[in-house]
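> Have a look at the structure that comes next, please.
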Amino acid sequence: MNRIIRKMSDSEINDYTNQFQSNHSVLLSNFFEPTFLEKLQSLIDNQTFEFFHDPRIGKEYRIDSNEFYATLNIIFSSADFLNFFRQVSCKEEIRLATTRVYKILDEDDYQIHWHNDNRVSSRVLSLRIELSKDAYEGGEFQLRRIGTTDLLANVGQLKYGETFLFQVDFDQFEHQVLQVTKGERVSLVIWFLK
């Protein structure tokens with residue numbers, strides 16, 4: 001997998017940086033190289049999803065393969081990839097990336113409740129990559145400051161391959177994913193750690 005993200009102008013990167021600084025989140029359109037997305041999807045298609053339930057967070061299906069995640073973690077911890085997110089987020093302390101692929105189905109109570117990713121206090125950013133090939137309904141992502149009800153972000157279905165970067169500092173922000181009411185929502189999440 002040679003190039004992961006497409007080349008961007010300094011102006012475009014500055015726009016992403018300004019949006020992130022203002023909103024603690026930013027939508028990155030046409031972010032990945034199409035050939036990279038094809039190879040990534042091929043890796044995912046060869047995996048099996050297994051049911052997972054965390055009473056604090058919610059229900060989802062996850063790929064459960066250490067070898068698979070070791071491969072993704074190496075890919076997404078490349079210097080160029082991490083440097084881009086250091087620049088956009090102004091978080092120079094980012095050192096590596098960890099990953100999870102999951103899907104939420106249109107079944108009763110399959111949603112991810114408000115949580116703040118505090119199980120790993122070194123997480124500072126999350127990047128969600130939309131991998132749903134078909135349209136779904138519901139499944140909106142919401143971000144807010146802890147202790148408030150005002151949403152900083154409310155993001156519906158993205159186009160296949162689009163990405164959404166958001167801040168997850170465990171003592172400041174929390175997020176949730178609303179119930180999928182039709183279809184299935186498939187995502188790759190990358191956590192950036194300090």
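The values are calculated or read from the model by the stated rules, or taken from the named source; none is laboratory data. A quick note: this is a predicted structure, and the numbers were derived from the prediction, not measured. Cβ: placed from backbone, ideal geometry, glycine included. Neighbour counts: every protein chain shown. Accessible surface areas use protein heavy atoms only, side chains included; no ligands, DNA or RNA. Shrake-Rupley method; radii C 1.70, N 1.55, O 1.52, S 1.80 Å.
> For an R0 of 30 angstrom, estimate the FRET efficiency from the Cβ-Cβ distance between Leu193 and Ala135 and round to the nearest 0.05.
With a Förster radius of 30 Å, E is 0.35.
> Right, next: Taking only C-alpha pairs under 8 Å that are 6+ residues apart, what is the relative contact order of region 45-161 in percent?
Once normalised by length, the contact order is 21 percent.
> Moving on. Pick out, in residue order, every one of the trypsin sites (Lys or Arg not before Pro) in region 15-76 that is DSSP loop and has at most 11 other C-beta atoms within 10 Å; say none if there are none.
Arg56
> For Leu152, Leu105, give the ranking by accessible area with the largest first, probe 1.4 Å.
Of Leu152, Leu105, the descending order of accessible area is Leu152, Leu105.
> So which GluC sites (Glu not before Pro) in region 55-115 end up in coil per DSSP with only 12 or fewer other C-beta atoms within 10 Å?
Values: sites: Glu60, Glu67, Glu92, Glu93, Glu107; in loops: Glu92, Glu93, Glu107.
Sparse-neighbourhood loop GluC sites (Glu not before Pro): Glu92, Glu93, Glu107.
> Right, next: Kindly report the accessible area of the chain per residue (heavy atoms of protein chains, probe 1.4 Å, no ligands, DNA or RNA), in Å².
Accessible area per residue: 49 Å².
> What pairs from Lys91/Lys182; Lys103/Lys159; Lys39/Lys159; Lys59/Lys133; Lys7/Lys39; Lys59/Lys182 go past 27 Å between their alpha carbons?
Pairs exceeding 27 Å: Lys91/Lys182.
> Now a separate question. Once the whole set of protein chains is in place, how much accessible area is left on Lys103, using a 1.4 Å probe, in Å² to the nearest 10?
The value for Lys103 is about 40 Å².
> Carbon and sulfur atoms: what percent of the 1.4 Å accessible area of region 118-194 do they account for?
So the carbon and sulfur contribution to the accessible surface is 45 percent.
> By how many nm would the segment from Leu37 to Arg62 grow when fully extended, if each residue of separation counts as 0.36 nm and the alpha-carbon distance is taken off?
Going from the current span to full extension adds 7.1 nm.
> Aspartates and glutamates near Lys194 by alpha-carbon distance under 17 Å, same-chain residues fewer than 8 away left out - which ones?
Asp80, Glu92, Glu93, Asp117, Asp169, Asp171
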